[in-house]
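As structure tokens, the structure follows; a few thoughts come after it.
The values are calculated or read from the model by the stated rules, or taken from the named source; none is laboratory data. Since the structure is predicted, the reported quantities are computational estimates derived from the model, not experimental observations. All Cβ positions, even for glycine, are placed from backbone atoms using ideal geometry, and neighbour counts span all protein chains on display. Accessible surface is based on the protein model in full, side chains and every heavy atom, while ligands, DNA and RNA are left aside. Shrake-Rupley method; radii C 1.70, N 1.55, O 1.52, S 1.80 Å.
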Amino acid sequence: GEDVEQSLFLSVREGDSSVINCTYTDSSSTYLYWYKQEPGAGLQLLTYIFSNMDMKQDQRLTVLLNKKDKHLSLRIADTQTGDSAIYFCAESNPGGGADGLTFGKGTHLIIQP
Amino acid sequence: EPEVTQTPSHQVTQMGQEVILRCVPISNHLYFYWYRQILGQKVEFLVSFYNNEISEKSEIFDDQFSVERPDGSNFTLKIRSTKLEDSAMYFCASKGRTGNTEAFFGQGTRLTVV
């Protein structure tokens, strides 16, 4: 079945770039997503990438997709204290119209002053 | 901005009791979902719902669980005879259409079974 793996923690200094990595197993995934969860809050979609793309940039966020290695990354430029959160990688389940998402365990991004 | 709302934010229930978690999806959305997140673990897909019926469900979604859209605005998850291991954060989500459109998530309901 589908599986999505992420490292659990990432610590960066304020102002540096953060790179959060994710690997997935299902080669037929059509869309891959990054969600952000702040303490006590729900899941907020940050960005997504279609599987036929290899890069997508949106302001401070850059998503890189290596489909051959089934590797997805999220780069946050100029990391700020407000970026402190858990970041979830997710893939869409192919087939059918319901397309629920398969999530990773989430990466806790810790910002050091 | 439209949002998905869930109530209650926190529910404590005794083992063996039934609970109903409520969600109000975004009004013109057609696809509805429940997910759960056990503390420290992954967000797991439970069920999707479209056109007044279940479209897809995971292995977790057994006979203990049921979903309903009773009145065209609410979307509920019922858990019969709750177990300690049902303690988790339950997220509702909705989408306007299938494909790449954003799934909007609610704030979640923290269910604690004691």
Relative contact order as a percentage, chain A, C-alpha pairs under 8 Å and 6+ apart, gives 38
Counting only protein heavy atoms and leaving out ligands, DNA and RNA, the solvent-accessible surface of residue B:10 at a 1.4 Å probe, in Å² to the nearest 10, equals 100
Taking the chain alone as reference and the full protein assembly as comparison, with a 1.4 Å probe on protein heavy atoms only, the residues of the stretch B:16-52 that lose at least 50 Å² of accessible area are B:42, B:43
Here the Cα Rg-to-2.2 N^0.38 Å ratio for chain A is 1.03
With all protein chains in place and a 1.4 Å probe, residue A:62 shows an accessible area in Å² (nearest 10) of 20
Exposed-loop cut sites defined as trypsin sites (Lys or Arg not before Pro) in DSSP loop states with at most 16 other Cβ within 10 angstrom; longest site-free run of chain B spans B:1-79
At q = 0.10, 0.18, 0.20, 0.22 1/Å the base-10 log of I(q)/I(0) from the Debye formula over the alpha-carbon atoms of chain B is -0.26, -0.86, -1.06, -1.28
The correct ranking of B:18, A:38, B:56 by accessible area at 1.4 Å, largest first, is B:18, A:38, B:56
